[in-house]
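Step one of this worksheet: look at the structure below.
The values are calculated or read from the model by the stated rules, or taken from the named source; none is laboratory data. From a predicted model like this one, the values you see are computed outputs, not experimental measurements. As a convention, Cβ positions derive from the backbone with ideal geometry for all residues, glycine included, and neighbour counts pool all protein chains shown.
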Amino acid sequence: MRQLPVIVLSGLRQSGKSTLLQNEAALASSHAYRTLDDFATMTAARLNPESLLEGSVTLDEVQRCPELLVALKKSVDEQRQPGRFILSGSANLALLGHVTETLAGRAGYFTLHPMTRREQRGSTSRKPFLVKFLDSPALPTGKADQVTEKEILTGGLPPACLGTPDGVAEWFRGYVQTYVERDVRQLSRITDLVAFRTLAQLAALRTGQVLVTSTLARDAKLNAVTAGRYLDLLEASFLIRRLPPFLKNRSSRLVKSPKLHFTDSGLAAHMAGITTLEPGRDDLLRGALFETYMAQNLAGLLEAHLPEAQMGYWHEQGRHEVDFVIEINRNVFAIEVKAATRWNEADLSGLLAFMERTPACVAAVLAYNGKEAVKLDERLFAIPLGKLLE
C-alpha cells in the first residue's frame with residue numbers, strides 16, 4: 001500500500017479530513033496543500049490541471065473535478081513515486097466507477113470515520129480493549145462508564161460532539177442543508193431534492209434494520225430504480241453504510257440483504273427527528289441508534305487497528321440474529337448490542353444460535369450498557385459497551 005503513488009482519504013463531510021491533512025506535520029512539510037473549494041484552484045483544475053500536479057501534492061475535495069484525475073493518471077505514469085499524491089474528498093471515490101478505472105493499480109484507499117469514543121475522550125494512548133479481545137478473548141478489569149444519551153445524539157462528527165450542546169441541533173440542520181444543496185448536486189443530477197431528502201429521512205428511521213429497497217421506495221413514493229440510485233448516492237457520500245450479511249455457516253434460512261446503518265448516530269437521530277432516548281418512548285429506534293453508535297465505533301477501530309478485518313451481520317429469517325460479525329484470519333467473533341443497563345437469558349438466544357451453527361466462532365459478546373463484565377461460558381461473554389469501546 002505504501003508503495004502506491006496515490007493515497008486516497010475519504011470520509012463523511014466534517015469528519016476532519018482537511019484538518020488532518022493541513023495539520024499533520026509530516027504531510028505539511030512534504031506535500032503542497034491545494035483544495036478545490038478554492039475558486040482559483042478549481043479554475044486551474046479545469047483549464048490547466050498539470051499546473052496543480054508538480055512535485056508532491058495534497059488535493060482536497062477532489063470529487064469536485066473528476067476530469068483532474070485524467071491528468072493525474074498521466075503524471076503518475078510518467079513519475080511513479082510512492083505517496084506522491086494524496087487525494088481527499090467527501091465522496092467515496094472507491095465507489096465512483098470512473099475514478100476506480102482511472103486510478104486502478106495506482107491508489108490505496110482509506111476512510112476517516114467519525115470520532116470514536118476513545119478519541120473524543122482523549123484516551124488513545126492505550127491499545128483498544130476490542131483489539132486485545134479479538135486477539136485473546138478475556139474479561140476487562142474495572143467498572144465501565146456507561147454510554148450516555150448525549151453521546152448517541154451527538155455522534156462523532158467533531159463540530160457536533162466537541163461543540164456546545166445548545167448548538168448541536170442547529171449545526172445538524174445546517175449540515176443537512178449544505179449536504180443536500182451542495183454535495184448531492186455535485187455528485188449526481190437530482191431534479192427532485194424534496195424526494196431525495198424524504199428518502200434520506202426514511203432511511204434514518206430504518207438505521208439498524210435489514211434493507212428492503214422495494215419497501216423503502218414504496219414509502220418514499222419512488223420507483224425501485226430511483227430509490228436504489230438515491231441509496232447509492234447516500235453511500236457514495238458516506239451518509240450510510242450497507243453492512244453485508246455473514247453467510248458462512250450451516251443455516252439455510254439466512255437473510256441475504258444488507259443491513260442499513262447511518263454512518264453517524266447523531267446525524268441519524270437528527271434526520272429521524274429523535275431528540276431524546278428515554279426508555280419506553282420508542283425502544284426499537286432507541287436500540288437501533290445504540291447499534292448505529294456501536295457500528296461507527298467498530299468501523300473506526302477496525303480501520304485504524306485491524307484493516308484486514310471484515311464486518312457483517314447475521315440473520316436467520318424469523319428466528320435469530322446477531323448485530324455484528326467480525327471475521328479476522330478465519331476466526332469469527334459475534335457481538336449483539338443491547339441499549340439496556342441489564343440483560344436476561346433471552347438476550348443471548350441469537351449469540352447461542354450463531355455459535356452452534358458457526359464452528360469458527362471464537363467468542364460471542366453481549367454488549368449491554370451496564371457496568372459489570374461477566375464470562376458466561378467458555379466462549380460467551382457479557383461486556384459493557386463502555387468497556388468494549390475503551
Q: Output the residues belonging to segment 182-195 that are at pLDDT 85 or above and touching a Leu at 6+ places or on another chain (Cβ under 8 Å).
A: 195
Q. What are the pairs, 6+ residues apart or on separate chains, where a residue within segment 344-364 that is in contact (Cβ under 8 Å) with a residue 40 or more places away in the chain has its Cβ under 8 Å from a residue that is polar (S, T, N, Q) and outside any helix (DSSP H, G or I)?
A. 354/249; 357/249; 357/251; 358/249; 360/331; 362/331
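Here's the yes/no breakdown for (1) touching a residue at least 24 places away in the same chain (Cβ under 8 Å); (2) among the hydroxyl-bearing types (Ser, Thr, Tyr); (3) crowded, with 20+ Cβ neighbours inside 10 Å:
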residue: 25; (1), (2), (3): no, no, no
residue: 28; (1), (2), (3): no, no, no
residue: 33; (1), (2), (3): yes, yes, no
residue: 36; (1), (2), (3): yes, no, yes
residue: 45; (1), (2), (3): no, no, yes
residue: 48; (1), (2), (3): no, no, no
residue: 51; (1), (2), (3): no, yes, no
residue: 58; (1), (2), (3): yes, yes, yes
residue: 64; (1), (2), (3): yes, no, yes
Q. Going by the structure shown, is residue 124 hydroxyl-bearing (Ser, Thr, Tyr), in contact (Cβ under 8 Å) with a residue 12 or more places away in the chain and closer than 30 Å to residue 171 by Cβ?
A. no
(Q) Criterion first (surrounded by 12 or more Cβ atoms within 10 Å (Cβ to Cβ) and more than 19 Å from the chain's Cα centre (by Cα)) does residue 144 satisfy it? (A) yes
Q.
Could you tell me how many of the residues in segment 185-215 are out of contact with any strand residue (DSSP E or B) (no Cβ under 6 Å at 6 or more places or on another chain), in a loop (DSSP other than H, G, I, E, B) and not hydrophobic (A, V, I, L, M, F, W, C)?
A. 5
Q: Report, by residue number, each residue of segment 220-274 that is touching a residue at least 60 places away in the same chain (Cβ under 8 Å), under 21 Å from residue 361 (Cα atoms) and hydrophobic (A, V, I, L, M, F, W, C).
A: 243, 246, 254, 255
Q: Scan segment 377-390 residue by residue and report those that are within 19 Å of residue 325 (Cβ to Cβ), assigned to a loop (DSSP other than H, G, I, E, B) and in contact (Cβ under 8 Å) with a residue 24 or more places away in the chain.
A: 379, 389
Q) Regarding residue 336, is this residue in contact with a Leu (Cβ under 6 Å, 6 or more places away or on another chain) and either in the same structural domain as residue 139 (by TED's automatic domain parsing) or of a type in the set (Val, Ile, Thr) (or both)? A) yes
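Here is a yes/no grid of residues against (1) under 15 Å from residue 255 (Cβ atoms); (2) aliphatic (A, V, I, L, M):
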{"residue": "314", "(1), (2)": "yes, no"}
{"residue": "328", "(1), (2)": "no, yes"}
{"residue": "344", "(1), (2)": "no, no"}
{"residue": "350", "(1), (2)": "yes, no"}
Q | Candidate set from segment 106-135 (those that are of a type in the set (Ser, Thr, Tyr) and crowded, with 16+ Cβ neighbours inside 10 Å); member that is farthest from residue 76 (Cα to Cα) | A | 116
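Give, as residue ranges, the helices (runs of 4 or more DSSP H) completely inside segment 87-177 that count at least 3 residues that are charged (D, E, K, R) and closer than 18 Å to residue 299 by Cα.
Ranges flagged: 117-120.
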Q. Does residue 340 satisfy the criteria of being surrounded by fewer than 18 Cβ atoms within 10 Å (Cβ to Cβ) and not in a helix (DSSP H, G or I)?
A. yes
(Q) Being within 13 Å of residue 314 (Cβ to Cβ), of a type in the set (Ser, Thr, Tyr) and touching a strand residue (DSSP E or B) at 6+ places or on another chain (Cβ under 8 Å) is the filter here; which residues of segment 336-364 pass it? (A) 358
**Q.** Any chance residue 164 is within 30 Å of residue 19 (Cα to Cα), of a type in the set (S, T, N, Q) and exposed (fewer than 13 other Cβ atoms within 10 Å of the Cβ)
**A.** yes
